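Student: The structure that follows is given in the form of structure tokens.
Throughout, read-outs are computed from the coordinates displayed, never taken from laboratory work. These figures come from a predicted structure and were not determined experimentally. Methodologically, a virtual Cβ is constructed for each residue, glycine included, from the backbone with ideal geometry; neighbour enumeration extends over all protein chains shown.
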Ligand SMILES: Cc1cc2nc3c(=O)[nH]c(=O)nc-3n(C[C@H](O)[C@H](O)[C@H](O)COP(=O)(O)OP(=O)(O)OC[C@H]3O[C@@H](n4cnc5c(N)ncnc54)[C@H](O)[C@@H]3O)c2cc1C
């Protein structure tokens, strides 16, 4: 049977678009094809199971892509306030931690349930365990081949996401491959919001330590991005919010890539040096293995001193100004050579994707194929950590729903 709308993927953008379509016109037939046994699998693991559903400070500077301005229209038309209204009407009020919004239940699974209930109540047909294997444009509409048979739609909305989270969350990259076969250009995909691997000799010694620091991402010695927050040392490298934020850039750079940690960003170098000089005087009889006790994480302090070539069995009296300057420089710039990242499977979002140049920003419709729409992560737009990616899924999904309604009306 020819459906009005076929949606590939019952994730954030697909479910949101399906609900919006039926809310606007209950008469149109909407079918979602989802390869996993359950809908919204990825939503249910977002925000460590709490779902950071949007952010109060949605602005284009938190988004990335070859042409970031593509996202502007959708993000403005369906902004975070409208997301809040949308979910309120589905029974999910928001609460805020600083600018980050969460469902009041703090349960990501409840967001999936609310979307699922609304889609069912509105008459959206959802077919799970149905994997799309091909798309063929017809004279008027699209033939969608799946492992459960063939479907036909007057319009097609592609909401299949990309690679982040891996197969268990439904991400395999089969739909981007189909779109490439149909002639769509793909912008190189790399993991973003992901832990960074570094040379391991130092981080291994610091494993488990969390410290507030300013993380500077440097490429061939030039600072590319800096973020402040809690950095976590791991046996493979670095993690924590500032590292996740800079990881997008790190994954896409070539040449020498380093993360430089400023452990005392609130102090200028000369101020810190003065403090160290004073400290060495006051604690002159103390052995160096306790020199930083009370000022810095003990193990981290000891590691910094060792990296400066100092003997922990010596006393602070042995620290001359040259040695203190070296210690100070390291505290202001503890450098780690980046060797990679922990991969798509551990990343929260994929940078890159199907080029937005092939789509209209106001309707999300393809410029190549009339009646074919795309929304969410599959497009070359990704956001920073903090609710920005789900907001893109909601905004682009709702915008696509408007585009489809308009297209179907015009076609009549
Ligand atoms: C661990 C983790 C935590 C995250 N936390 C947050 C957070 O707190 N806040 C935030 O804003 N963002 C977060 N994100 C990112 C956010 O979840 C995604 O950006 C968002 O879900 C993308 O929505 P989407 O609709 O484009 O794709 P998805 O939600 O990935 O949905 C795509 C759907 O398409 C289905 N599909 C794929 N291929 C096929 C096929 N061939 N046939 C049929 N179906 C198919 C998949 O099974 C999937 O259900 C997180 C991501 C991860 C992995």
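Student: Roughly speaking, what is the stretch gain from residue 61 to residue 361, that is 0.36 nm per residue apart minus the C-alpha to C-alpha distance, in nm to one decimal?
Tutor: Taking residue 61 through residue 361 to full extension adds about 106.3 nm, to one decimal.
Student: Still on this structure, I have one more. Please give, to one decimal in nm, the separation of the simple spin-label points placed at residue 286 and residue 188, each 7 Å out from Cα toward the Cβ.
Tutor: Reported label-point gap for residue 286 and residue 188 is 4.8 nm.
Student: What fraction, in whole percent, of alpha-carbon pairs in the chain exceed 32 Å separation? It would help to have the intermediate numbers written out before the result.
Tutor: Numbers: 35865 of 84666 pairs.
So the pairs more than 32 Å apart make up 42 percent of the total in the chain.
Student: Quick check: the angle from helix 12-24's long axis to the longest principal axis of the chain, C-alpha only, nearest 10 degrees?
Tutor: Approximately 40 degrees, to the nearest 10.
Student: Taking the mean number of other Cβ atoms within 10 Å as a proxy for protection, how do you rank 7-14, 325-332, 263-270, 157-164 from highest to lowest?
Tutor: 7-14, 157-164, 325-332, 263-270
Student: A follow-up question, please. Cut-off is 10 Å between beta-carbons; in what order do 1, 295, 398 appear when sorted fewest neighbours first?
Tutor: 1, 295, 398
Student: For all pairs of alpha-carbon atoms in the range 1-89, what percent lies in each bin of width 10 Å, listed from the first bin to the last filled one?
Tutor: Going out from 0 Å in 10 Å bins, the range 1-89 shows 14, 36, 40, 10, 0 percent.
Student: In what order do 381, 405, 257 fall by count of nearby beta-carbon atoms within 10 Å, going from fewest to most?
Tutor: In order of increasing Cβ crowding within 10 Å: 405, 257, 381.
Student: Any chance you could get the radius of gyration and Dmax over the Cα atoms of the range 206-262, in Å?
Tutor: Calculated on Cα positions, Rg and Dmax stand at 10.7, 29 Å.
Student: Ordered by packing density, taken as the mean number of other Cβ atoms within 10 Å over each peptide's residues, highest first, how do 105-116, 236-247 rank?
Tutor: 236-247, 105-116
Student: Below 8 Å, C-alpha to C-alpha, sequence gap of six or more: please give me the relative contact order for the chain in percent. Can you show the working numbers first?
Tutor: Numbers: 925 pairs, mean separation 97.8, N = 412.
With pairs under 8 Å counted, the relative contact order is 24 percent.
Student: Which value at 222 nm does the chain reach when only helices count, each DSSP H run of 4 or more adding -39,500 (n - 2.57), with the total divided by all residues and rounded to the nearest 500 deg cm²/dmol? Walk me through the numbers before you get to the answer.
Tutor: Numbers: 11 runs with 131 residues, N = 412.
So the calculated ellipticity at 222 nm is -10000 deg cm²/dmol.
Student: Further, regarding this structure: Just report the Cα centroid separation between the range 346-386 and the range 269-317, whole Å.
Tutor: Between the Cα centres of the range 346-386 and the range 269-317 lies a distance of 51 Å.
Student: Based on the mean of other beta carbon atoms within 10 Å per residue, what is the order of 40-47, 142-149, 386-393, 360-367, most packed first?
Tutor: Top to bottom by mean Cβ count within 10 Å: 386-393, 40-47, 360-367, 142-149.
Student: For residue 296 and residue 122, compute 0.36 nm times the residue count separating them, minus their Cα-Cα distance, and round to one decimal in nm. Provide the component values of the computation, followed by the final result.
Tutor: On the way: separation 174, 0.36 × 174 = 62.64 nm, distance 5.72 nm.
The residue 296-residue 122 span can extend by a further 56.9 nm.
Student: Moving on to the next point. Using the basic label-point model (7 angstrom from Cα toward the beta carbon), what is the residue 107 to residue 410 distance in nanometres?
Tutor: Calculated label separation equals 4.3 nm.
Student: Another question, then. How large is log10 of I(q)/I(0) for the range 298-348 at q = 0.25 Å⁻¹ when the intensity is taken from the Debye formula with one equal scatterer per alpha-carbon?
Tutor: Taking Cα atoms of the range 298-348 as identical point scatterers yields -0.97.
Student: Three principal axis extents, largest first, for the C-alpha atoms of the range 109-212, in Å?
Tutor: 62, 37, 23
Student: What does the extension gain come out to for residue 204 and residue 181, with contour length at 0.36 nm per residue minus their alpha carbon separation?
Tutor: Length gained, residue 204 through residue 181: 3.8 nm.
Student: If you don't mind, another one. At a Förster radius of 51 Å, what calculated FRET efficiency corresponds to the Cβ-Cβ distance of residue 172 and residue 76, to the nearest 0.05?
Tutor: That pair, residue 172 with residue 76, gives E of 0.95.
Student: Right, another one. Angle between the Cα long axis of helix 241-252 and the longest principal axis of the chain, 0 to 90 degrees, nearest 10?
Tutor: Compared with the principal axis, the helix lies near 70 degrees.
Student: Something else about it: Tell me the volume per residue, in Å³, of the convex hull enclosing the alpha carbons of the range 195-342.
Tutor: Dividing the Cα hull volume of the range 195-342 by its residues yields 101 Å³.
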